[in-house]
Structures are given as C-alpha cells and as structure tokens.
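Reviewing the structure listed below.
The values are calculated or read from the model by the stated rules, or taken from the named source; none is laboratory data. In this text, all values refer to a predicted model and were calculated from it rather than measured experimentally. Methodologically, a virtual Cβ is constructed for each residue, glycine included, from the backbone with ideal geometry; neighbour enumeration extends over all protein chains shown.
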Amino acid sequence: MRPIGPRLVLASHNPGKLAEIAALLAPFGIETLPASAFGLPEPAETEDSFAGNAALKARFAAAGSGLPALADDSGLLVDALGGEPGVHTADWAQTPSGRDWALAMRRVEDRLRALGPDAPRTARFHCALALAWPDGETALFEGQCEGRLVWPPRGDRGFGYDPMFVADGEALTFGEMDPADKHAISHRADAFAKLKAALFGGAGA
C-alpha cells in the first residue's frame, strides 16, 4: 500500500471519534489534522452502507485538503430491530438543535421494550475505515464488536451509544471503560488493526 506521509486529515467533525482515531495513530508519529482545519464541511452521507459513506467522506477530505484522509463511518446494529439504526445511527440522535445521544439511546430502548420482554438485546458496533489519497485511490478496512444492550445507560466516557453497550466478555459499558481498554477491543480497533497491518505491517501498539 502507498505510504501516507507524516500528516493525515481526519474526515470527521465528531470530537469523540477524532480523539479515538488520533490516539490509535499516535504510536506511529503521524500528525492528525481535523477536516475543520481546512474549512471543509461534512458532506452528505448519501450511501447505503458504512463502507460507502466512509469512502465518500475520505475522498471529499483528501480532495479538499490535498493530503491523504481517513474517514470512519460506524454505527450500532440491533438484532431485534432488524439491524437498525445501522447506517442511520446518527440520525436517531438528530434534533432541531443538534444531536442528542441520550434521546437516541432512549429511542432504541423504547423500540426494544415495544417488542416485549423476550426481545433479544444482542447488538454490535460496526466500523468502516476509508483511507483516501488526493488522486481518489481508496482503501477500505472494516471491523465489528459484538455485545448486548443494557438499560439504564451507564458511564460518561465514550460517545454515542457507548453507555448502553457492553461488549461480549465484559462487565462495563463502553461508557464506563477506560478509553485505553475500549480501544483494545472496539469495532474501531478491529478495523484499525487491519489498516495498521496494511500500512505498517502490524507494527505499533
């Protein structure tokens, strides 16, 4: 795979994602710059898959900045809800005044409760990472983390649906876990392991 150089644009305006991705890239000495540093807006996510939206965002940021760009598109898939909210994960949090993740979690819980007490609470986070160069070349890496949903939400770490998600084999929600522990097992970490293997031969933390 082509090298990415010492500077990489992160094609996200989500502070939580920016922090997680910067932490995952830190061992490699890569300077990460948010898309906002180049005055780039968030493009409309018009694709019907995580991979498609990640590629769209990465190519937009790479073309606008003239640097390689990395984009993440991720979300929560709830088995009992037929895979929803899925690619519409952020939409479930949308309000006229911005995103309200407490509201999004409540919407998921309300939908589950409407199905009755026997509805399975299994779910997974899915992450698609797209690495794009200014000429349009793009590489894709995907990862998942299986788990279950709990109520009420627990913890004020993480972001999004983290406070209601417990990964398989864990007792704490992503909202309760130390960020380093979450980074070791998350869907994003799974996708990053594949990206690191392609770029650096699996080296680094």
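If I filter the stretch 31-58 down to residues being among the polar types (S, T, N, Q) and under 22 Å from Val108 (Cβ atoms), which single residue comes out as farthest from the chain's Cα centre (by Cα)?
If we take residues in the stretch 31-58 being among the polar types (S, T, N, Q) and under 22 Å from Val108 (Cβ atoms), then Ser49 is farthest from the chain's Cα centre (by Cα).
Is it the case that the stretch 17-32 has a residue that's touching a strand residue (DSSP E or B) at 6+ places or on another chain (Cβ under 9 Å), of a type outside the set (Phe, Trp, Tyr), exposed (fewer than 14 other Cβ atoms within 10 Å of the Cβ) and not in a loop (DSSP other than H, G, I, E, B)?
yes
Which residues, taken from the stretch 168-189, are touching a His at 6+ places or on another chain (Cβ under 9 Å) and surrounded by fewer than 21 Cβ atoms within 10 Å (Cβ to Cβ)?
Once the filter is applied, which keeps residues that are touching a His at 6+ places or on another chain (Cβ under 9 Å) and surrounded by fewer than 21 Cβ atoms within 10 Å (Cβ to Cβ), the stretch 168-189 yields only Ala189.
When the stretch 101-121 is examined, which residues are found to be loosely packed, with under 15 Cβ neighbours inside 10 Å and within 26 Å of Leu24 (Cα to Cα)?
Within the stretch 101-121, none qualify.
How many of the residues in the stretch 59-84 are within 30 Å of Asp110 (Cβ to Cβ) and either within 19 Å of the chain's Cα centre (by Cα) or in a strand (DSSP E or B) (or both)?
10
Among the residues that make up the stretch 122-129, is at least one of them at negative phi, of a type outside the set (Ser, Thr, Tyr) and either loosely packed, with under 15 Cβ neighbours inside 10 Å or more than 19 Å from the chain's Cα centre (by Cα) (or both)?
There is no residue in the stretch 122-129 that is at negative phi, of a type outside the set (Ser, Thr, Tyr) and either loosely packed, with under 15 Cβ neighbours inside 10 Å or more than 19 Å from the chain's Cα centre (by Cα) (or both).
Quick check on the stretch 129-156: of everything there that is free of Cβ contacts under 8 Å to residues at least 24 places away in the same chain and touching a Gly at 6+ places or on another chain (Cβ under 9 Å), which residue is nearest to Arg111 (Cα to Cα)?
Looking at residues that are free of Cβ contacts under 8 Å to residues at least 24 places away in the same chain and touching a Gly at 6+ places or on another chain (Cβ under 9 Å), I get Arg154.
Being loosely packed, with under 13 Cβ neighbours inside 10 Å and among the hydroxyl-bearing types (Ser, Thr, Tyr) is true for just one of Thr95, Thr138. Which residue is that?
From the options Thr95, Thr138, the qualifying one is Thr95.
Consider Glu170 carefully, then state whether it is more than 17 Å from the chain's Cα centre (by Cα), closer than 30 Å to Arg7 by Cβ and not aliphatic (A, V, I, L, M).
Criteria not met by Glu170.
Let's see how each residue does on (1) at pLDDT below 95; (2) in a helix (DSSP H, G or I); (3) basic (Lys, Arg):
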{"residue": "Trp92", "(1), (2), (3)": "no, yes, no"}
{"residue": "Ala104", "(1), (2), (3)": "no, yes, no"}
{"residue": "Arg107", "(1), (2), (3)": "no, yes, yes"}
{"residue": "Arg111", "(1), (2), (3)": "no, yes, yes"}
{"residue": "Pro117", "(1), (2), (3)": "yes, no, no"}
{"residue": "Arg124", "(1), (2), (3)": "no, no, yes"}
{"residue": "Ala128", "(1), (2), (3)": "no, no, no"}
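So in the stretch 101-128, with the set limited to residues that are touching a residue at least 12 places away in the same chain (Cβ under 8 Å) and touching a Ser or Thr at 6+ places or on another chain (Cβ under 9 Å), which one is nearest to Pro68 (Cα to Cα)?
Start the filter on the stretch 101-128 by keeping residues that are touching a residue at least 12 places away in the same chain (Cβ under 8 Å), which leaves 101-102, 104-105, 107-109, 111-112, 115, 119-128.
With the extra rule that they be touching a Ser or Thr at 6+ places or on another chain (Cβ under 9 Å), the set shrinks to 104, 125-128.
On the way: Ala104: 33, Phe125: 26, His126: 23, Cys127: 19, Ala128: 17 Å.
Among those residues, the one meeting the criterion is Ala128.
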